[in-house]
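Sharing a structure, written as structure tokens. Questions coming.
The values are calculated or read from the model by the stated rules, or taken from the named source; none is laboratory data. Quick caveat: nothing in here was measured; it's all calculated off a predicted structure. Neighbour counts run over all protein chains shown; Cβ positions are idealised from the backbone, glycine included. Quick note on the areas: whole protein, heavy atoms, side chains included, nothing else; ligands and nucleic acids left out. Shrake-Rupley method; radii C 1.70, N 1.55, O 1.52, S 1.80 Å.
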Amino acid sequence: MSRIKSFFDKTFKYYRRKSIQFTISLSFTVVAVVCMLVMGALLYRQFADNMRQTIINDNQQLVSQIVLNINNYTTSMRGISDSIYYNVIKNTDLADRNISKEMSLLYEANKNDLISVACFTEDGGLVDAAPTTTQKENIDVRSQDWFVRAMATIENSHFSIPHVQNIFEDSNQRYRWVISLSRMVELTSGGNTSIGVLLVDMNYNGIETIFREMGANSSGYVYLIDRTGQIIYHPKQDLIYSGIYKENNISAVGYSDGIYQENFDGAARSVIVKQTGYTGWRVISVVPTSEFTMSVAQTRILVIAVTGFAIMLIIIMNAFISSRVADPIKKLEQSVRDLEKGNLALNIFIGGPYEIERLGKAIRSTVDRIISLMGDIVKEHEQKRRMEFDALQAQINPHFLYNTLDSIVWMIESERYPEAITMVTALASLFRISLSKGKNIISIGEELKHAQNYLHIQKIRYKNKFSVEINADSEILSCGTIKLIVQPLIENSIYHAMQIMDGDGEIKINGYQKNGGVYIEVRDNGMGMTQEKIASLLEDTSEPAPVDERSGSGIGLKNVHQRIKLYYGQEYGLEIESELDEGTTVRIHLPYARFDEDA
Amino acid sequence: MKKYIRPVVFAAACLSFIIIMFLLTKSEEITNRPRNVQISVILSGSRERWRSLERGIYQACGELKIEKPFVAESDELLSQTEQLNSEIAKGANGFIIFPEDSRETSEYLLQTGLNIPAVIIDGSENDSLPANNAEMAAALAESAAESGGKITLLTIGSRREDLRQRADAFSRRARELGAELSTLDIGFDGDIRGEYLAVYFSKGQSETVVALDNDVLEVAAAALPGNSKISLYGFGNSDKVIYALDHGRIKEICFQNEFSLGYSAMIALAEKMGINTKEVPVGSGDSIAYRLISRENMYDLETERLIFPLMP
């Protein structure tokens, strides 16, 4: 059982692995071939049964017709016998005249069917015969079967089996096969009555002709036996007499009228039996089963040929149709396979049936979208890389560095060593955080510290033209952010707002959490800006924000804004609020996410 | 599609080939027409003499569903080899031959190199039918010996193997039985042969005369005087022989079933020609039956069925 299951599993597995064309073609072919074979077998069986029945019916009709003909023939012969007896012999006193004239007349009238007619006394003496001929010497008719039977049963006509007539000389030295019809007759001679035998020798050819003509087109063959099973006619009579062929004639005596199935000499056959009237002979039609087979052989061959051609046609048609169906799918599959190999430049197949065409279009659209997205990704990466480069460049902005170092030199020359040390320390801290071991994400605490260092340096450089206030909720200090986003805002405030202040400038940095987000505000009390200016500052252009080296670190608001959006999404970034003569607040909106140093 | 075109076309071609071969091999079955064979039967003597044999051949042809053969009797102007040559030229592709000269016929067939299937019925080793000439001759010798007196064996110096076998077997068996046996060579022209025998019979030099050939037996029966006490024995099948037997001119004949001989010869030839004989009755395969027939038993049912043609 498990082997069968395993076989089927393997078969189905193998089948599933095959191409759609193979599957369609094989499935259709198998179904069609099975259907054709079943239909062919059913039709053939139906036809064979009909053919068998037709043959049986035909042979039944044939047998009935032959029986009718034989009855007519034997009745005719008995009529001749009766005519001779009742019209001639009974009315004649043989002592007065012979009966040769009347017998000759009757003989001449029926000579196609007769060999001779003769009358014998009970001791075998010839009374008269027609045609006129000589009786053979040394012939004692009393020993012959027809004579014995006539004498044995009075008032009956007796038909013999075929035999060679052995009574008369034949001028042509011929020996004639006859069927003898004999009967006992009453002879009158000189007023005295005695018994004798009237013999009518029927030409055997008469019987043979009936069978030959009627049985010529029948299936099988038809033969004739007498009451004892002796063969009277058989189409293979010579073969039977020579012992070459055997017939089931003796057993057939036991058959009454009807259809029988028998096995004889190793062959199955159908037998139709019908008895003739007076003689009790049986006409037997034999149809060997092989004959049925032969009869339906043409049909079988025709069915096989037609089925074969149909199967061939189906195979070709299935191959063609499956190819028509599968080819577009295969082409599309090939396109997808090429796509899998990374070849995005290929031309996706679009064609075939509507569904496949739609699929092709969908895949092409998807590929186009992928190409577009990949372009975007590449562009974004390029942008990120460039902005990070800009940010890094900002860390070493030559102007800033030069100015800072210049300030330090000036402090040292002024022997303001503690301030110089503080500034150097702040600068070092600034660069340390800027580098952050190459990391792009740092904690907000570090970012604010970086801002603080930066402000510290700038405050020294700008001689405390402004004051600084940094407040941040402690819970956001451990949150992560991309680095160097606060410094550019402070730088903007310093360059655009604090330069014109005279000691009353204020820069306030507030960090807090709100609505699940983190906000860092850089607020100054500068001269503010118009709404148009605000809009232009954060305007989304495809080009990265230019670096203005003259303005501090050169990293603009736009750079920060775009970097935040690239890293955290479109909902994050900068918001600017400004009032002319009141000041400006730039608010950084970041997601609330804990900084993980190892991430 | 291109990938599958070749295998599909190949499969279709194979299938077509199988179907065509199937139809060709079954065409005879489909059309039920006689097989296309051209067989010639070359006899020794007249067709009249071989009627039973001819019927046997025709019966076999009917069973085999093949064309009836052409039957050629002896031709005064042509030898048997010339007749053979003529039939080959006409396209005969199978022969049944009753040779006048066994060796010459066999050698001629070999010389043609055509390897034409042939059944030569002469009782020789080349004969594919079971030969029982010796057995028949011995049986006839026993009957002849019973009649007593001197036995004269008529010989014609024939080069036929079957006659040689019969003569040898008859002589051997007759001598075994103590019969006085002599031979009389009448191997000259047929017309003179009758006159010669008439004179011989009139001299009463022998009580029993035996002819080993149908033709010789016919001549001897015709030459025998009506009141002769000579008992005539011999091999024969012809109507003349049967008539002579029926009228007491011949005492006893050894009758070989020539219908069966013809039938078996045709079946044997068909097998040599590769014609299927499976569906055809072929009898027991024993040797061709023979029967010793006298005037007394010739009308027995079994005997008359053999010696009188049923459908002339």
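Taking every DSSP beta bridge that has both residues in chain B, what percent is antiparallel when rounded to the nearest 5?
So the antiparallel bridges amount to about 15 percent of the total.
OK, next. Please enumerate, by chain and number, the lysines with C-alpha under 29 Å from the C-alpha of A:K331, excluding those fewer than 8 residues away in the same chain.
Hits, sequence-local ones excluded: A:K10, A:K13, A:K18, A:K341, A:K361, B:K2, B:K3.
Of B:L306, A:L37, which has the most accessible area with a 1.4 Å probe, and how do the rest follow in descending order?
A:L37, B:L306
On the protein heavy atoms, probe 1.4 angstrom, tell me the percent of accessible surface of the stretch A:141-210 carried by carbon and sulfur.
41
Starting from the amide H of B:G45, placed 1.01 Å from N in the peptide plane, find each other amide H under 5 Å away whose residue is 5 or more places distant or on another chain.
B:S74
When DSSP beta bridges are limited to those with both residues in the protein assembly as shown, what percentage is antiparallel, rounded to the nearest 5?
Values: 82 of 119 bridges.
Approximately 70 percent, going by the DSSP bridge assignments.
Among A:I195, A:T11, B:Q165, which residue has its Cα furthest toward the positive end of the charge dipole of the protein assembly as shown, with +1 on Lys/Arg Cβ and -1 on Asp/Glu Cβ?
Towards the positive end, the residue furthest out is A:T11.
So if I place +1 on the C-beta of Lys and Arg and -1 on the C-beta of Asp and Glu, and nothing else carries charge, what would the dipole magnitude of the protein assembly as shown be about its Cα centre? I want it in debye, nearest 20. Please report the intermediate quantities before stating the final value.
Working: 94 positive and 116 negative charges, 441 e Å.
It comes to approximately 2120 debye.
Next question. What does the net charge come to around A:A451 if you take all other residues with beta carbon closer than 11 Å to its beta carbon, with K and R at +1 and D and E at -1?
-1
Using the Karplus curve 6.51 cos²θ - 1.76 cosθ + 1.60 with θ = phi - 60°, work out ³J(HN,Hα) for each residue of the stretch B:176-185 in order, rounded to whole Hz, and write x for Gly and Pro.
4, 8, x, 6, 7, 10, 9, 10, 10, 8
Could you tell me which chymotrypsin sites (Phe, Trp or Tyr not before Pro) in the stretch A:272-371 are loop residues by DSSP with no more than 16 other beta carbons within 10 angstrom of their beta carbon?
Sites meeting the loop and neighbour criteria: A:Y278.
If you don't mind, another one. What do you get for Rg/Rh over the stretch A:378-591 if you use C-alpha atoms and the Kirkwood form of Rh?
So for the stretch A:378-591, dividing Rg by the Kirkwood Rh gives 0.95.
Using a Cα-Cα cut-off of under 18 Å, which lysines could be cross-linked to A:K558, ignoring same-chain neighbours fewer than 8 residues away?
A:K379, A:K384, A:K483, A:K533
Which of the DSSP-defined H helices in chain A satisfy a minimum axial length of 15 Å, computed from C-alpha atoms, and a minimum mean Kyte-Doolittle hydropathy of 1.0?
In chain A, the long hydrophobic H runs are A:417-435.
Give me a comma-separated list of calculated 3J(HN,Hα) values for the stretch B:115-121, in order, Karplus coefficients 6.51, -1.76, 1.60 applied at θ = phi - 60°, integers in Hz, x for any Gly or Pro.
Karplus values, whole Hz, x for Gly and Pro: 6, 7, x, 8, 10, 9, 9.
Name the long-range amide H neighbours of B:I156: under 5 Å, sequence gap of 5 or more, or other chain; modelled H, no Pro or chain starts.
Close amide H contacts, sequence-distant or interchain: B:I186.
Can you give the helix-only mean residue ellipticity at 222 nm for chain A, where every DSSP H stretch with n ≥ 4 adds -39500 (n - 2.57) and the sum goes over all residues, rounded to the nearest 500 deg cm²/dmol?
It comes out at -17000 deg cm²/dmol, rounded to the nearest 500.
I'd like to check one number: the per residue accessible area of the protein assembly as shown, probe 1.4 Å, reported in Å² as a whole number.
Ligands and nucleic acids excluded, the figure is 50 Å² per residue.
Still on this model: Can you list the trypsin sites (Lys or Arg not before Pro) in the stretch A:20-94 that are in a DSSP coil and have 15 or fewer other beta carbons within 10 angstrom? If you can, show how the numbers build up before the last one.
On the way: sites: A:R45, A:R52, A:R78, A:K90; in loops: A:K90.
Answer by residue number: A:K90.
For the stretch A:378-591, calculate the relative contact order in percent as a whole number, restricting contacts to Cα pairs under 8 Å that are 6 or more residues apart.
The normalised contact order for the stretch A:378-591 reaches 20 percent.
Among all stretches of chain B without exposed trypsin sites (Lys or Arg not before Pro) (DSSP loop, at most 13 other Cβ atoms within 10 Å), which one is longest?
Excluding the exposed sites themselves, the longest stretch runs over B:91-228.
Continuing with the same structure: Show me the GluC sites (Glu not before Pro) within the stretch B:205-272 that DSSP assigns to loop and that have at most 16 other Cβ atoms within 10 Å of their Cβ.
Sites meeting the loop and neighbour criteria: B:E207.
In peptide A:237-250, how many Cβ atoms from other protein chains are near each Cβ within 10 Å, on average?
So the per-residue partner count for this stretch is 6.
Between A:G480, A:V560, A:H399, whose Cα lies farthest towards the positive end of the dipole of the stretch A:378-591 when Lys and Arg beta carbons carry +1 and Asp and Glu beta carbons carry -1, centred on the Cα centre?
Value: A:G480.
Now for a separate question. Give me, ordered by chain and number, the residues 5 or more places off A:V197 or on other chains with an amide H under 5 Å from its own placed amide H.
A:F120, A:T121, A:V185
Using unit Cβ charges (K, R positive; D, E negative) and no other charged atoms, how large, in debye to the nearest 20, is the dipole of the stretch A:322-451 about its Cα centre?
Once rounded to the nearest 20, the dipole reads 740 debye.
Hey, what did chain A get for relative contact order, percent, Cα under 8 Å, at least 6 apart? Mind showing how you got there, number by number?
On the way: 873 pairs, mean separation 57.8, N = 599.
After rounding, I find 10 percent.
Still on this model: For the stretch A:68-289, calculate the relative contact order in percent as a whole number, restricting contacts to Cα pairs under 8 Å that are 6 or more residues apart.
For the stretch A:68-289, the relative contact order is 18 percent.
Treating the beta-carbon of each Lys and Arg as +1 and of each Asp and Glu as -1, no other charges, what is the dipole magnitude of the stretch A:185-257 about its Cα centre, to the nearest 20 debye?
200
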